[in-house]
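A.B. asks: Below you'll find the structure I mean.
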Amino acid sequence: IRESATLTRDVLEQHFNDLKGTLKKLLDERLMSLLQEVDAIEQESIKPLDECQKLIEHGVSTADDLLREGESAIHGDVGQQNEKLCSFTKKALHIQLDSLPEVPSLVDVPCLSAQLDDCLLTILKNQIFRHGTVASRPPVQLEEFVEKPGGILVRWCKVDDDFIPQDYRLQYRKSTASHFEDVYVGSETEFIVLHIDPNVDYQFRVCARGDGRQEWSPWSVPQIGRTTLVPHEWTAGLEGYSLSSRRNIALRNDSQSCGVLYSKAPTYFCGQTLTFRQVLSGIETVGQPDRRDSLGVCVEQQNGYDSLQRDKAVCISTNGAVFVNGKEMTNQLPAVTSGSTVTFDMEVVQLGSSSNEGGNFKLRVTISSNNREVVFDWVLDQCCVSLYFGCSFSYPGWKVLVF
């Protein structure tokens, strides 16, 4: 409680300090704009009045000079009087002392004033008093972490009955990192986070956005998740297939060589879910299908085959046919296409004490594809709880992600 309260105080103080700075900056900018507007109106309006004043002052000065010259002519010597009076008369005839420039009427002269609406303060006051809330409990919380090979399945749930979520936002970070990063935004309440290093702690948090709202809710309490399972990887170096940097995506290239691409190790354990997902490889459709194409699991790697449709393997072909130990079942699933997801789930079916002593060993297998599934028992002659996975494609363009 104390930690979250301290963090909340820091967030509130920082937010309102930022608002103060931004508001002051906006007010200063608006004030400067209005002052510049006053300056522009003043300069534009005062210019003709200044010119008029200069003309009037010039006329008054000229008349004053002429008046002094007339007085001098009257009071001068008799010999110079006629000459000065003549000069005075000529100047008086050329100077128009009875005309003035047109002066604007008082109503036409601008009179500046500031129009300030006090309702802005009322609006700001109402908005500020409603700005921000303090939530004692986030509306969504993390619910469960499920270990996956090289990943973690994160589940969350809504804990506020009055909250109607539109979207969820999941973030994570390594325990040694300083910043969270988005890993999922959407309407689902679970997500598999891949590219997780095994035996490393990660922090997760989730928030939600209410229906019709733009802002996100407060974050859930951060929780730590980890996986102890190493990631699934394809075997590198097989001609005909190109792998991603993490070796969890295999692309069938245009090589003429064909064969089965196996996992690097038997990393699939009974009780887990193995998922294959077809992804686009730069084109809008996957490769051309072939009846030998297959995705599945097997007891051991066996080179020399061009398909998993063999003994000690269960698989699904790209046309949806299911094969058990090389034999096709009567049940069929939808065809595998671009974006298809195929999952394998297996659990051990005990056959008595002999099951762990070399006798018959039975696994209950569930294969799902496009919301349909088949369930059957796979009988083996040896105990086997960790399996290899594999794929085989005859034509280029197929791209498979495994997790």
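The values are calculated or read from the model by the stated rules, or taken from the named source; none is laboratory data. For clarity, every value in this text was computed on a predicted model and none was experimentally measured. FYI the Cβ positions are ideal-geometry reconstructions off the backbone, even for glycines, and counts take in every protein chain you see. Protein only, heavy atoms only, side chains kept; ligands, DNA and RNA dropped before computing areas. Shrake-Rupley method; radii C 1.70, N 1.55, O 1.52, S 1.80 Å.
A.B. asks: Express in nm, to one decimal, how much length is gained between residue 178 and residue 257 on full extension, taking 0.36 nm for each residue of separation and deducting their alpha carbon distance. Intermediate values should be presented prior to the final figure.
C.D. replies: Values: separation 79, 0.36 × 79 = 28.44 nm, distance 4.72 nm.
Full extension of this stretch gives 23.7 nm more.
A.B. asks: Can you give the translational diffusion coefficient of the range 1-130 in µm²/s, computed by Stokes-Einstein from the Kirkwood radius over Cα pairs at 37 °C and 0.692 mPa s?
C.D. replies: Reported coefficient: 149 µm²/s.
A.B. asks: Please go through the range 139-201 and write out the GluC sites (Glu not before Pro) that DSSP classes as loop and that have at most 14 other C-beta atoms within 10 Å. Walk me through the numbers before you get to the answer.
C.D. replies: Details: sites: 143, 144, 147, 181, 188, 190; in loops: 188.
Hits after loop and neighbour filter: 188.
A.B. asks: Right, next: So if I place +1 on the C-beta of Lys and Arg and -1 on the C-beta of Asp and Glu, and nothing else carries charge, what would the dipole magnitude of the range 236-322 be about its Cα centre? I want it in debye, nearest 20. Please report the intermediate quantities before stating the final value.
C.D. replies: Details: 9 positive and 8 negative charges, 55 e Å.
Taking the Cα centre of the range 236-322 as origin, the dipole is about 260 debye.
A.B. asks: Quick check: with the 1.4 Å probe, what order do 337, 275 take by accessible area, largest first?
C.D. replies: Values: 337 70, 275 10 Å².
These residues rank, largest area first, as 337, 275.
A.B. asks: Shifting gears a bit: Under 8 Å for C-alpha pairs, at least 6 residues apart: give me the relative contact order for the chain, rounded to a whole percent.
C.D. replies: 12
A.B. asks: Continuing with this model, one more query. If you take the alpha carbon radius of gyration of the range 106-194 and divide it by 2.2 N^0.38 Å, what ratio comes out, to two decimals? List each step's numbers first, then the result.
C.D. replies: Details: Rg = 25.1 Å, N = 89, 2.2 N^0.38 = 12.1 Å.
Rg over 2.2 N^0.38 Å, computed on Cα atoms: 2.08.
A.B. asks: Leaving ligands, DNA and RNA out of it, work out the accessible area of residue 252 with a 1.4 Å probe and give it in Å² to the nearest 10.
C.D. replies: Accessible area of residue 252: about 10 Å².
A.B. asks: Let me ask something else. Hey, which lysines would be in cross-link range of residue 125, C-alpha to C-alpha under 26 Å, not counting anything within fewer than 8 residues on its own chain?
C.D. replies: Residue 125 reaches 20, 24, 25.
A.B. asks: Taking 0.36 nm per intervening residue step and subtracting the Cα-Cα distance, what contour gain separates residue 277 from residue 38 on full extension? Intermediate values should be presented prior to the final figure.
C.D. replies: Values: separation 239, 0.36 × 239 = 86.04 nm, distance 6.81 nm.
Taking 0.36 nm per residue and subtracting the Cα distance, the gain is 79.2 nm.
A.B. asks: Also: Would you rank 45, 175 by solvent-accessible area, highest first, keeping every protein chain in place and using a 1.4 Å probe?
C.D. replies: Details: 45 30, 175 70 Å².
My answer, sorted largest first, is 175, 45.
A.B. asks: Still on this model: Which residues in the range 188-216 place their backbone N less than 18 Å from a point set 7 Å from the Cα of residue 157 along the Cα-to-Cβ direction?
C.D. replies: 188-191, 205-208
A.B. asks: Oh, and also: Here are several values of Rg/Rh (Cα atoms, Kirkwood Rh): [x] 0.97; [y] 1.06; [z] 1.50. Which one was derived from the coordinates shown?
C.D. replies: [z]
A.B. asks: Solvent-accessible area per residue for the range 1-130 at a 1.4 Å probe radius, Å²?
C.D. replies: Details: 11730 Å² over 130 residues.
Result: 90 Å² per residue.
A.B. asks: Something else about it: Multiply the residue gap between residue 327 and residue 188 by 0.36 nm, knock off their C-alpha separation, and tell me the result in nm, one decimal place. Intermediate results must be reported in sequence, preceding the final value.
C.D. replies: Working: separation 139, 0.36 × 139 = 50.04 nm, distance 3.81 nm.
Going from the current span to full extension adds 46.2 nm.
A.B. asks: First measure r as the distance between the Cβ atoms of residue 118 and residue 230, then evaluate 1/(1 + (r/R0)^6) with R0 = 56 Å and state the FRET efficiency to the nearest 0.05.
C.D. replies: Values: r = 69 Å, r/R0 = 1.23.
Efficiency, from the Cβ-Cβ distance: 0.20.
A.B. asks: A further question follows. When the helices in the chain are scored as -39500 (n - 2.57) per DSSP H run of 4 or longer and the sum is shared across all residues, what 222 nm value do you end up with, to the nearest 500 deg cm²/dmol? Mind dumping the intermediate values first?
C.D. replies: Working: 3 runs with 103 residues, N = 403.
Theoretical 222 nm ellipticity from helices: -9500 deg cm²/dmol.
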